[in-house]
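Have a look at the structure below before the remarks.
The values are calculated or read from the model by the stated rules, or taken from the named source; none is laboratory data. Being a predicted model, the structure only gives us computed values, none of them experimental. Cβ atoms come from the backbone with ideal geometry, glycine included; neighbour counts cover every protein chain shown.
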Amino acid sequence: MITAEWIYWLAGAFFLATGVQIALDRSHAQRWMNCAFWSLLGLSFFYGSFVSVLPLWPLGAAVIAMALIAGSGLTSPGTVSTTTEAEREASARSKGNLLFAPALTIPIVTIAFALGASKVAIGGVPLLAKGQATLIGLGVAVIAALIVGVVLLKPKQPVVALREGRRLLESVGWAVLLPQMLTVLGGLFTQAGVGTDVGAIAQHIVPEQSRMFAVIVYALGMASFTIVMGNAFAAFPIMTAAVGWPVLVERFGAHPAPLFAIGMLAGYCGTLCTPMAANFNLVPPALLEMKDRYLQIKVQIPTAIALFIVNVALMLSLPFS
Amino acid sequence: MLPLIGVLIVVAGFALRRNPLIVVTIAGIASALLAGMPIARIIDAFGSGFANSRSISLAFMVLPVVGLAERYGLQQRAKLLISTAAGLTAGRLLLVYLFIRQLTAALGLTSIGGVPQMVRPVIYPMAEGAVVRAYGDELPERVSDEVKAHSAAADTIGVFFGEDIFVAIGAVLLITSYVDATYHLALDALQIALWAIPTAIAAFVIHGFRLLRLDGRLTAMLASGTDKREDKP
């Protein structure tokens, strides 16, 4: 049976290969710190598969070490030789639309794999672990796309793909680790009881009589707690336990399905506004090599505010009709 | 209430533009210490949190594929392609992408888009190509940043307000499983998914309207010429 762990090893191998390339790169200004960061990241992807049998603390220590290395400016991208703009222009004309094939292979194979292979069983054992078909599909798709790319584009050395991968990965830099660090923070906040504290505060400010005010507190609580945690999933149970269920459903008789569905989407408006949702709002600017790393959030805020108002209006009407 | 100091550290850290990795590490440790967690358990929490969240980072696996195609001119090809479609401005192109992203996400096909595999290699170069075609070569950094930000935003908004219409997505399952387990209801996942449709339509109308005005904004930015952000460090 194929499990998602195999795919984590594939990703770990890519990070590790980046670390090795940097170790061999004498021209790199911060060679050893960068090598340490990417190698630790790669090894941690492997180690993470065995935390049920191995102790957790070496992984925890490695994660803190990576955060400190990358967070204190000890990593920076090296210079990786690639093609020039003129070479790319010429190649774009000669290769034509075939250039889209590798990139398009990724979604097509991912989806085909997730839909098709999830039902395949060999000798009674399912081929893919339950609930992991999309992750596994992505891993298979990356390998398929690399093969398509090497066959169609015919690089002199196929290993050049790893070098180009390193170039892009280094340009993203420390932001690679941030989404996972925010998940760690969310877990620590939960264990420390931050959620219950916020819920208690929300419960205090809800008045007894006003249905409208209670709806607004629920929606605002979803959005603002999402802004702090970076994730509407963390806000939902807390705000629902504090306001959504006891006040809106039990006291004012709101219909649960529309209330909770739209309440979650009010939280999503918060996700659009927060750097804490790093994988949505900070990693893309890094991947696109933007100068202003907060511009995507600034662009999203007007839509988020307008949509939040729409959500409040919907929550005032739909659950009570 | 003491652990809430961790939240304040996060807010202050981001406001002061400290490196987010350091801010998050300190805030997490501070909150946990104030809640009375022993050091050993905090270090373990870093390990288990990392191990359980590895799936978020899998998106970076596509970078060797994207990099290889870029080496042979993928972005340039995307620009060439857009230069043949005369009516397709940056705003209209992103509007079409927003629609496709919402629709496919609503059908559960969230892996069709995404910034690493779709926006960087294809959508952003096309949007920039459309601007370049209309206004000539070499966009100022401020303008290309604006196009990049809008390309990424269309992707994010599209997937956020599309995926909840699909019954088997995480958010819908979280709502039903949490509410059913806590309050002993039997919410229908399909009901939750259907109630996401009004917001999805509103998201398309609101953001679509802003995208249609993007072309005018970019024209104004290019006409004003001087790069106002240049003099700030």
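Tabulated data
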{"item": "Failed criterion for B:Leu33 (all others in (1) of a type outside the set (Gly, Ala, Ser); (2) more than 7 Å from chain A (Cβ to nearest Cβ); (3) surrounded by 22 or more Cβ atoms within 10 Å (Cβ to Cβ); (4) more than 30 Å from B:Arg213 (Cβ to Cβ) hold)", "result": "(3)"}
{"item": "A:Ser52 vs. criteria farther than 19 Å from A:Met181 by Cβ, among the small types (Gly, Ala, Ser) and in contact (Cβ under 8 Å) with a residue 24 or more places away in the chain", "result": "no"}
{"item": "Every residue from the range B:33-55 that is among the hydrophobic types (A, V, I, L, M, F, W, C) and without any contact (Cβ under 8 Å) to a residue 24 or more places away in the chain", "result": "B:Leu33, B:Met37, B:Ile39, B:Ala40, B:Ile42, B:Ile43, B:Ala45, B:Phe46, B:Phe50, B:Ala51"}
{"item": "The listed residue being of a type outside the set (Gly, Ala, Ser), more than 7 Å from every other protein chain (Cβ to nearest Cβ) and over 21 Å from B:Arg92 (Cα atoms), out of B:Val172, B:Val143, B:Val131", "result": "B:Val172"}
{"item": "Residue selected from the range B:195-227 under the condition modelled with pLDDT under 90 and either part of a loop (DSSP other than H, G, I, E, B) or not assigned by TED's automatic domain parsing to the domain that holds B:Ile100 (or both), by the criterion nearest to A:Phe260 (Cα to Cα)", "result": "B:Asp227"}
{"item": "Hey, A:Thr105 over 30 Å from the mean Cα position of the chain (by Cα) and among the polar types (S, T, N, Q) or not", "result": "no"}
{"item": "Selection status of A:Thr134, surrounded by fewer than 18 Cβ atoms within 10 Å (Cβ to Cβ), of a type outside the set (Lys, Arg), without any contact (Cβ under 8 Å) to a residue 60 or more places away in the chain and at the interface with another protein chain (Cβ under 8 Å from one of its Cβ atoms)", "result": "no"}
{"item": "Boolean, A:Ile111 is at the interface with another protein chain (Cβ under 9 Å from one of its Cβ atoms) and β-branched (Val, Ile, Thr)", "result": "yes"}
{"item": "Long-range neighbours under 6 Å by Cβ, at least six apart or interchain, first residue touching a residue at least 40 places away in the same chain (Cβ under 8 Å) within the range B:169-186, second assigned to a helix (DSSP H, G or I) and charged (D, E, K, R)", "result": "B:Ile169/B:Glu163"}
{"item": "Candidate set: the range A:79-103, residues that are out of contact with any Phe, Trp or Tyr (no Cβ under 9 Å at 6 or more places or on another chain) and surrounded by 19 or more Cβ atoms within 10 Å (Cβ to Cβ); chosen: the one nearest to A:Leu168 (Cα to Cα)", "result": "A:Val80"}
{"item": "Qualifying position, being part of a loop (DSSP other than H, G, I, E, B), modelled with pLDDT of 90 or more and not aliphatic (A, V, I, L, M), among A:Ser91, A:Ser81, A:Ser52", "result": "A:Ser52"}
{"item": "Candidates A:Gly187, A:Gly165, A:Gly173, A:Gly149, filtered to the one that is at positive phi and either assigned to a helix (DSSP H, G or I) or not aromatic (Phe, Trp, Tyr) (or both)", "result": "A:Gly173"}
{"item": "Tally, over the range B:40-89, of residues that are outside any helix (DSSP H, G or I) and crowded, with 21+ Cβ neighbours inside 10 Å", "result": "3"}
{"item": "Single match in B:Tyr97, B:Tyr124 (criterion: at the interface with another protein chain (Cβ under 7 Å from one of its Cβ atoms) and among the hydroxyl-bearing types (Ser, Thr, Tyr))", "result": "B:Tyr124"}
{"item": "Condition met for A:Ala200 (aliphatic (A, V, I, L, M), in a helix (DSSP H, G or I), out of contact with any Cys (no Cβ under 9 Å at 6 or more places or on another chain) and at the interface with another protein chain (Cβ under 9 Å from one of its Cβ atoms))", "result": "yes"}
{"item": "Test: residue in the range B:140-157 that is part of a loop (DSSP other than H, G, I, E, B) and under 26 Å from B:Leu222 (Cβ atoms)", "result": "yes"}
{"item": "Residue check for B:Arg92: assigned to a helix (DSSP H, G or I), among the basic types (Lys, Arg) and facing chain A (nearest Cβ under 7 Å)", "result": "no"}
{"item": "Where a residue in the range A:1-17 is touching a residue at least 12 places away in the same chain (Cβ under 8 Å) and its partner, wherever it lies, is among the charged types (D, E, K, R) and not in a loop (DSSP other than H, G, I, E, B), with Cβ under 7 Å and at least six apart", "result": "A:Tyr8/B:Arg54"}
{"item": "Of the criteria (1) surrounded by 24 or more Cβ atoms within 10 Å (Cβ to Cβ); (2) within 20 Å of the chain's Cα centre (by Cα); (3) of a type in the set (S, T, N, Q), which one A:Asn279 fails", "result": "(1)"}
{"item": "Lone qualifier among A:Val217, A:Val228 - being free of Cβ contacts under 8 Å to residues at least 40 places away in the same chain and either part of a helix (DSSP H, G or I) or farther than 20 Å from A:Leu307 by Cβ (or both)", "result": "A:Val217"}
{"item": "For A:Val194: the one exception among (1) within 28 Å of A:Thr274 (Cα to Cα); (2) over 19 Å from the mean Cα position of the chain (by Cα); (3) outside the structural domain of A:Met290 (by TED's automatic domain parsing); (4) at pLDDT below 90", "result": "(3)"}
{"item": "Selection from the range A:284-301 of residues that are more than 7 Å from chain B (Cβ to nearest Cβ) and under 29 Å from A:Phe260 (Cβ atoms)", "result": "A:Ile297, A:Ile301"}
